[in-house]
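For reference, the structure is listed below as structure tokens.
The values are calculated or read from the model by the stated rules, or taken from the named source; none is laboratory data. Just so it is clear, the model here is predicted, and its values are computed rather than measured. Positions of Cβ are generated from backbone atoms using ideal geometry, with glycine treated the same way; all protein chains shown enter the neighbour counts. These accessible areas exclude ligands, DNA and RNA; they are computed on the full protein's heavy atoms, side chains included. Shrake-Rupley method; radii C 1.70, N 1.55, O 1.52, S 1.80 Å.
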Amino acid sequence: MNTDYRILPAEKPSDEMWQIIGGGIGQYNQQHGGPEGFQHLCFALYDPDGKVVGGLIGEIYWGWFYINLLFVSENLRGQGYGHQLLTLAEEEAHIRGATNAFFDTFSFQAPEFYKQHGYRVFGELKDFPPGHTRYYMTKQL
């Protein structure tokens, strides 16, 4: 190992770090996995005044739909908005070529909601956070 190189901590990754590290792993992954066909996918839930009160943010790559975030304001939960957001996003992801979906959620969020939509647990981390479980779920679209 060359002693001229140094490893230093960074409080926050700079744009250059993202370009070098993220771009480097992206190129490496593409060499081995082929073109990923990355696409953003987002649906927003608006109140009557045009304010965002929930939504779903995801990504599609290599034929998989990754659900990054799904949120509905607490006062609107249980009214079907989460179901609509998830259904619309899955349908759009499928139209765009995704054949499977995956994400992670916590035991205090809504794993049963996702199970009702056909998702199954393929992995879990107990005590993450302490006293709870982090679930990794998937489904074929």
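Structure values in brief
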{"quantity": "For the chain, built as a Gaussian network whose Cα springs stay under 10 Å, the top-fluctuating residue of 95, 25, 67", "calculated": "25"}
{"quantity": "Spin-label model distance (nm) - residue 25 vs residue 49, 7 Å beyond Cα toward Cβ", "calculated": "4.0"}
{"quantity": "Residue-span extension gain [residue 74 to residue 18] - 0.36 nm each, minus C-alpha spacing", "calculated": "16.7 nm"}
{"quantity": "Solvent-accessible area, 1.4 Å probe, carbon plus sulfur percent, for the range 16-67", "calculated": "59"}
{"quantity": "Answer label for percent of Cα pairs over 27 Å apart (calculated), chosen among (i) 38; (ii) 18; (iii) 33", "calculated": "(i)"}
{"quantity": "Check: the range 1-131 dipole with +1 on Lys, Arg Cβ and -1 on Asp, Glu Cβ, in debye", "calculated": "220"}
{"quantity": "Cα gyration tensor category, rounded, prolate or oblate, for the range 47-119 with a/c compared to 1.5", "calculated": "oblate"}
{"quantity": "Mean Cα-pair separation over length for the chain, i.e. relative contact order, pairs under 8 Å, 6 or more apart, %", "calculated": "16"}
{"quantity": "Cα-based helix-to-principal-axis angle, 23-33 vs the chain, degrees rounded to 10", "calculated": "70"}
{"quantity": "Net length gained if the chain between residue 108 and residue 5 were fully extended (0.36 nm per residue, minus Cα distance)", "calculated": "32.7 nm"}
{"quantity": "Degrees separating the helix 81-95 axis from the principal Cα axis of the chain, which is the longest one", "calculated": "60"}
{"quantity": "Loop-located trypsin sites (Lys or Arg not before Pro) in the range 52-141 whose Cβ has at most 16 other Cβ within 10 Å (DSSP)", "calculated": "77, 96"}
{"quantity": "With at most 11 other Cβ atoms within 10 Å, longest stretch of the chain clear of loop chymotrypsin sites (Phe, Trp or Tyr not before Pro) (DSSP)", "calculated": "39-107"}
{"quantity": "Calculated diffusion of the range 89-129, Stokes-Einstein form, Kirkwood radius summed over Cα pairs, 4 °C and 1.567 mPa s, µm²/s", "calculated": "110"}
